[in-house]
Amino acid sequence: MDPLALKAALGAGLLSFPVTPFGKDGSFDRAAYSDHVAWLSGFKASVLFAAGGTGEFFSLAPDEIPAIVSAAKAAAGDTPIVAGCGYGTRIAVQIAQSAEKAGADGILLLPHYLIDAPQDGMFQHIKAVCDAVSIGVMVYNRDNSILTAETLARLCDACPNLVGFKDGSGDIGLVRKITATMGERLTYLGGMPTAELFADAYLGAGVTTYSSAVFNFVPALAQNFYKALRAGDTATTNKLLVDFFYPFMNIRNRQKGYAVSAIKAGVRLLGFDAGSVRPPLTDLTEEEVAMLDDLIRPYRP
């Protein structure tokens, strides 16, 4: 996909990250993944992200990612597929190139591995990934990879295929400076865990879309929330926050890593064979799965 076409698709509606199913032997389960992605594609996400954060990118070997991307492309119909990418620069370049070869329409560059880095080092890292592919690239401001507005402006000048900025920092002041500075040069994505909890604040800062993790198992609910948000229907968004998202947050916060594990549990509750999370994450307890089942019952498709 042409980078500008991807930029438009990213801003056209709700986004999501399918979970990555693993079989009993721990390997990628292509058939289960294809079934789930095909089902999700019927709920009109604008873009789906293969092997992203909710897809346990951090637990995947780099050589597993092309198969996940190709399976997503085959199952998603006309829905564009963006591949997760990360680690150090050389590994990130290899992942980006292999994902493009596998058919990815774009790349989401997650924070580099472990260490803090100066702005010029992050500039070089991101530019190397952008230069390595012809498809569109999005950067993810989060944790140890926080770009300033000035560095992002340099990247926009140096990298024509840099089309998106995703924020998971929660620093609304920085986000607003970036959206004001870059304007329509980029599409802006909300990337906080359970992004609906922050969607109102991010919309006010110029971020018009976000990736919904719960879209994995309550896609109609996720779309209803997004449509109400964009329509200014605060009565609906407030009700859904109180009735669903805050109770979900309570389950998610019971254990570290549950921002992913709870999503995978929800997918399993809908009958998809998503398997367990890979270590170092852990699955929900039976009690917590029952709590989640009670919560999602009114919103099942």
Hey, among the residues in the range 208-238 that are assigned to a loop (DSSP other than H, G, I, E, B) and open to solvent by 10 Å² or more (accessible area, probe 1.4 Å), which one's farthest from Gly11 (Cα to Cα)? Asp233
Checking Leu15, Leu10, Leu4 in turn, the sole residue that is open to solvent by 30 Å² or more (accessible area, probe 1.4 Å), farther than 20 Å from Gly275 by Cα, touching a strand residue (DSSP E or B) at 6+ places or on another chain (Cβ under 8 Å) and touching a residue at least 40 places away in the same chain (Cβ under 8 Å) turns out to be Leu4
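Please work out which residue is nearest to Gly53 (Cα to Cα), limiting yourself to the range 119-144 and to residues that are among the small types (Gly, Ala, Ser) and not in a loop (DSSP other than H, G, I, E, B).
Taking the range 119-144 first, the residues among the small types (Gly, Ala, Ser) are 121, 128, 132, 134, 136.
Now narrow it down to the ones that are not in a loop (DSSP other than H, G, I, E, B): 121, 128, 132, 136.
On the way: Gly121: 23, Ala128: 21, Ala132: 22, Gly136: 18 Å.
Looking at residues that are among the small types (Gly, Ala, Ser) and not in a loop (DSSP other than H, G, I, E, B), I get Gly136.
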Take the residues of the range 64-86 that are in contact with a Gly (Cβ under 8 Å, 6 or more places away or on another chain) and part of a strand (DSSP E or B): which is farthest from Met138 (Cα to Cα)? Ile81
Test Cys156 against the stated conditions and say whether it is assigned to a helix (DSSP H, G or I) and either within 19 Å of Gly52 (Cβ to Cβ) or more than 22 Å from the chain's Cα centre (by Cα) (or both). no
Sort out which residues of the range 189-207 are in contact (Cβ under 8 Å) with a residue 40 or more places away in the chain and either in contact with a strand residue (DSSP E or B) (Cβ under 9 Å, 6 or more places away or on another chain) or surrounded by 24 or more Cβ atoms within 10 Å (Cβ to Cβ) (or both), and write them in order of number. Leu189, Gly191, Glu196, Val207
Among the residues in the range 29-40, are any touching a helix residue (DSSP H, G or I) at 6+ places or on another chain (Cβ under 8 Å), free of Cβ contacts under 8 Å to residues at least 40 places away in the same chain and not in a loop (DSSP other than H, G, I, E, B)? yes
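The values are calculated or read from the model by the stated rules, or taken from the named source; none is laboratory data. A quick note: this is a predicted structure, and the numbers were derived from the prediction, not measured. Cβ atoms come from the backbone with ideal geometry, glycine included; neighbour counts cover every protein chain shown. Note: areas computed on protein heavy atoms with side chains; ligands, DNA, RNA excluded. Shrake-Rupley method; radii C 1.70, N 1.55, O 1.52, S 1.80 Å.
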